[in-house]
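**Q** Structure below; questions to follow.
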Amino acid sequence: MANSSIATLITAQHAFFKTGATRSISFRKQQLKRLQQLLRAHEDQLYEAIYADFKKSRFETFTSEFALLQQDLDDALKNTKRWSAKTRVATNIANFPGKSYLQPEPLGVSLVIGAWNYPYLLSLGPVIPAIAAGNTVVLKPSELPEATAMLLQNLVAEYFDPEFFTVVTGGVEVSTTLLEQKFQKIFFTGSPRVGQIVYQAAAKQLTPVTLELGGKSPTFVTKHANLKRTVQRLVWGKFINAGQTCIAPDYVWVEAAIAETFLELLTSQIRSMDYAIENGNYMQIINTDHVDRLLRYLEDATVYFGGQYDRDERFIAPTILTDVTFESRCMQEEIFGPILPVLVYDDLKDALEKTSQLPKPLSCYVFSENTNEQHQITETLSFGGGAINDTIMHISNPELPFGGVGKSGIGAYHGEAGFKAFSHTKSMLKRANWLELPLKYPPYSKRKLRWIKRLLKL
């Protein structure tokens, strides 16, 4: 799309927002229902497009993308009116007689920049609260999964007026042009490196942002863990989407006393999951550049299990690495693929100290039946969110805001947190006229000051 066309589109959205049409709760719910209809009516096409991009199966697409989108849509349709309502708060004596309340309002024209690894969920997921909060939306999906990006553009154009919701496709040049425009909200999902670029562009316009980034999410497995359940949930969370998940376990700390048993159970669990692209239990790496990047992680560690690959098919088997240190290549950046480094610790305190030297991650997972260990890990480390005795599933609860901290992100969404991310809350005081104490008005006097101190109990 040409620069002039993008500018014209944004201008049209500003004009539409100023009409006030999006402030209507019925309008917002109507648009949410339209998005719901789009997903249901074109489910087969959406499955075909994502399979064309990286052979993601219908089962995994539904469970990891569509089911969560439908849940978010149902939640927004049920609660948009309540989220949008005025909320009474207490009024202090200095403002008696009066009432105080909080009033949410939409921010305006919003830009959502989606990510390639879950091209439906991470593109449309933020759109849902943006619409619920009463904003207009420009969605820029990642250009890497080309089939899904083009299909989203065509379907959204069929179901929505572009001055309210539209999809703009393209590469870096299009993203750069979009970031030069004036938005009232920018929501970005992607890498910390690109997140910095988005943040800098937003700062020039003083535009509020939500950044959903990533990081090296640790997992701790202690000798008090239920190992059978641990490996089952850990393997699923690590290798779903071929490891291309921002909240996937990035590496594992396992207590030395159970390390060998853990590794044996881990490999047995991977075998039992029957990971293969042909049977729909696995999927491709997004492109060959990422295949090459991932294979470099195998160079200075021991491949304990897996390691098979086919570059032309963009396939890397689920792989476990041992003999890993914090200086290993796989520990220098987020892996974002089906490779799991395993580190061994004798003293949990030492493992926590080393982990805390890395940037704050998006997630953390703890496998232990010992409450003291659970508390020690979750209270020592700072991270966006996580789970005890599970992985990834915290993202499926709309009551849990999802977001990072530090380099793993700014802000959060899901459920009401998403609504708030795309809203401004006005603080309002409504005074009555039937009483007015003259204490605050000139001429000032010592007597008035004494009365003010008495009333304020100072």
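Bear in mind these aren't lab numbers, they're just calculated from the coordinates by the rules spelled out. Quantities reported herein were computed from a predicted structural model and do not represent experimental measurements. Reconstructed Cβ throughout: ideal geometry from the backbone, glycine too, with neighbour counts over all protein chains shown.
**Q** Per-residue HN-Hα couplings for the stretch 297-306, Karplus 6.51 cos²θ - 1.76 cosθ + 1.60 at θ = phi - 60°, whole Hz, x for Gly and Pro?
**A** 5, 7, 6, 10, 9, 8, 7, 6, 8, x
**Q** I would also like to ask the following. Rounded, prolate or oblate: pick one for the chain, where a ≥ b ≥ c are the square roots of the eigenvalues of its C-alpha gyration tensor, a/c under 1.5 means rounded, and failing that, prolate if a/b is larger than b/c, else oblate.
**A** oblate
**Q** Taking the number of other C-beta atoms within 10 Å as the exposure measure, put 140, 86 in order starting with the fewest.
**A** Fewest-to-most ranking of 140, 86: 86, 140.
**Q** Moving on to the next point. Taking amide hydrogens as modeled 1.01 Å from N in the peptide plane, which residues meet the under 5 Å criterion relative to residue 305, leaving out close sequence neighbours?
**A** Residues meeting the amide H criterion: 320.
**Q** Starting with the fewest neighbours, write out 288, 169 ranked by other beta-carbon atoms found within 10 Å of each beta-carbon.
**A** 288, 169
**Q** At a threshold of 8 angstrom on Cα-Cα distance, excluding pairs fewer than six apart, so keeping six or more, what relative contact order does the stretch 334-458 reach in percent?
**A** After rounding, I find 16 percent.
**Q** Provide the per-residue ³J(HN,Hα) series for the stretch 50-60, in order, calculated from phi with Karplus coefficients 6.51, -1.76, 1.60 and θ = phi - 60°, each as a whole number of Hz, with x at glycine and proline positions.
**A** Those phi angles translate into 6, 5, 5, 6, 8, 6, 7, 6, 4, 4, 6 Hz.
**Q** Given the C-alpha centroids of the stretch 80-125 and the stretch 257-280, what is the distance between them in whole angstrom?
**A** So the two Cα centres are separated by 44 Å.
**Q** Give me a comma-separated list of calculated 3J(HN,Hα) values for the stretch 271-277, in order, Karplus coefficients 6.51, -1.76, 1.60 applied at θ = phi - 60°, integers in Hz, x for any Gly or Pro.
**A** Each residue's phi maps through the Karplus curve to give 4, 5, 7, 6, 6, 7, 5 Hz.
**Q** Can you classify the stretch 2-97 as rounded, prolate or oblate using the Cα gyration tensor, where a ≥ b ≥ c are the square roots of its eigenvalues, rounded means a/c under 1.5, and otherwise it's prolate if a/b beats b/c and oblate if not? Present the calculation step by step, with values, prior to reporting the outcome.
**A** On the way: a/c = 2.92, a/b = 1.61, b/c = 1.82.
Oblate shape, in that a/c is at least 1.5 and b/c is the bigger or equal ratio.
**Q** For the stretch 218-399, calculate the relative contact order in percent as a whole number, restricting contacts to Cα pairs under 8 Å that are 6 or more residues apart.
**A** Over the stretch 218-399, the number comes to 29 percent.
**Q** Please compute the alpha carbon radius of gyration of the stretch 30-159, then divide it by the globular-protein estimate 2.2 N^0.38 Å. Two decimals is fine. Could you put the intermediate results ahead of the total?
**A** Details: Rg = 18.6 Å, N = 130, 2.2 N^0.38 = 14.0 Å.
Normalised Cα radius of gyration, the stretch 30-159: 1.33.
**Q** Based on a Kirkwood Rh over C-alpha pairs, give the Stokes-Einstein translational diffusion coefficient of the stretch 175-265 at 20 °C and viscosity 1.002 mPa s in µm²/s.
**A** The estimated diffusion coefficient comes to 135 µm²/s.
**Q** Let me ask you something else. Hey, can you grab everything whose amide H is under 5 Å from the amide H of residue 139? Only 5+ residues off in sequence or another chain; H modelled, so Pro and N-termini drop out.
**A** Counting only residues 5 or more places away or on other chains, the set is 112, 166, 167, 168.
**Q** Pairs of alpha-carbon atoms within less than 8 angstrom and 6+ residues apart define the contacts here; what relative contact order does the chain have, in percent?
**A** Contact order relative to length: 18 percent.
**Q** On to the next question. If you rank 212, 333, 327 by fewest surrounding Cβ atoms within 10 Å, what's the result? Please list the in-between numbers first.
**A** On the way: 212 27, 333 16, 327 8.
Least to most surrounded, the residues fall as 327, 333, 212.
**Q** Once each part is reduced to its C-alpha centroid, what is the distance from the stretch 281-350 to the stretch 395-450 in angstrom?
**A** With the stretch 281-350 and the stretch 395-450 each reduced to a Cα centre, they are spaced 46 Å.
**Q** Which peptide among 400-406, 154-160, 66-72 comes first, and what is the full order, when sorted by highest mean count of other Cβ atoms within 10 Å? Provide the component values of the computation, followed by the final result.
**A** On the way: 400-406: 20.0, 154-160: 16.0, 66-72: 18.1.
So the peptides 400-406, 154-160, 66-72, ranked by packing, come out 400-406, 66-72, 154-160.
**Q** For the stretch 122-197, just say rounded, prolate or oblate: build the C-alpha gyration tensor, square-root its eigenvalues into a ≥ b ≥ c, call rounded for a/c under 1.5, and beyond that prolate if a/b exceeds b/c, oblate if not.
**A** oblate
**Q** Only sites in a loop by DSSP and with at most 11 other Cβ atoms within 10 Å count here; which GluC sites (Glu not before Pro) in the stretch 344-436 make the cut?
**A** 399, 436
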